[in-house]
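Inspection log for the structure reproduced underneath, given as structure tokens.
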Amino acid sequence: MKKVHHLLVLVTLSLLTTPAIGQMRLVYEDIDPNNHLKKLSFYSEKEGYSLFTKWLGFTQDTGRTYTKNYITNIDFGSYPVNPFFGFHGMGVKAFNKDTLFVYGDYSYEPVILRSVDQGNTFKLVHHSTTNELLSYGIVDMVFPQNSTIGYAIDDDRILKTTNKGLNWNIIYQSIDVGFNKLFFVNNLVGFAQAYNKLFKTTNGGASWQEIT
């Protein structure tokens, strides 16, 4: 079974003290205790998207209220997707109100979905299989400079796009490594974290060095 974590949407408040101290304040908690927050992606100070277990939310007031969209209207194209278990989201990346990605797994196979109409409909732009029996799917995605170059990871692989997510190519693969987090300084320099390993690239993913 998938592990889920119950997270709360929080904001940092600056206090007029010396030295400065930050406090956290609850701005939203869903009434459904099983509807866990998976990921936030804000493209402006107040507007952005939050992916929850059961729906995708759009907010215009820093996460206090949400317009809900259920991720059910998906164009699979020619991809051979097994619809039995449905979509399980792991994250969201929003460029603006219209264009965004949600990612995770569909019937335990890695998928990336793209929307250009504020999350009302989606098109499948990446689907693959892994060596894992029950895959978490795509677990993280970054567009380091919010441009056309982006990266994503599933359990065993690192993917890259150079056309803003329309196509994704596998640039690194390692069996049973367990990738779970991405961080990029810019389009060239980045890190991929696994369960007990850390990998670094300085050439946009053309090669990766394991760091002890």
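The values are calculated or read from the model by the stated rules, or taken from the named source; none is laboratory data. Predicted model only: the values in this text are computed from it and were never measured. Reconstructed Cβ throughout: ideal geometry from the backbone, glycine too, with neighbour counts over all protein chains shown. For the accessible areas, the whole protein counts, side chains as well, though only heavy atoms, and no ligand, DNA or RNA atoms are used. Shrake-Rupley method; radii C 1.70, N 1.55, O 1.52, S 1.80 Å.
Observations on the structure shown:
- Residue among ASP32, ASP176, ASP75 with the largest mean-square fluctuation in a Gaussian network model of the chain, springs linking Cα atoms under 10 Å: ASP32
- Exposed loop sites were defined as chymotrypsin sites (Phe, Trp or Tyr not before Pro) in DSSP loop states (anything but H, G, I, E or B) carrying at most 13 other C-beta atoms within 10 Å; in the chain the longest segment without such a site runs 86-194.
- Counting 0.36 nm for each residue step from THR67 to THR53 and taking away their Cα separation leaves a gain of 3.6 nm.
- Å² per residue, accessible surface of segment 79-158 at 1.4 Å: 37 Å²
- Förster radius 35 Å - calculated FRET efficiency between ASP98 and GLU210 (Cβ-Cβ, nearest 0.05): 0.35
- Correct option for P(r) over Cα pairs in 10 Å bins from 0, in percent [calculated from the coordinates] among (1) 8, 33, 35, 20, 4, 0; (2) 7, 24, 24, 16, 9, 7, 8, 5, 0; (3) 8, 31, 33, 20, 7, 1, 0: (1)
- Relative to the current alpha-carbon distance between HIS36 and ILE171, full extension at 0.36 nm per residue lengthens the span by 45.5 nm.
- Apportionment of accessible area to carbon and sulfur, the chain, percent (1.4 Å): 52 percent
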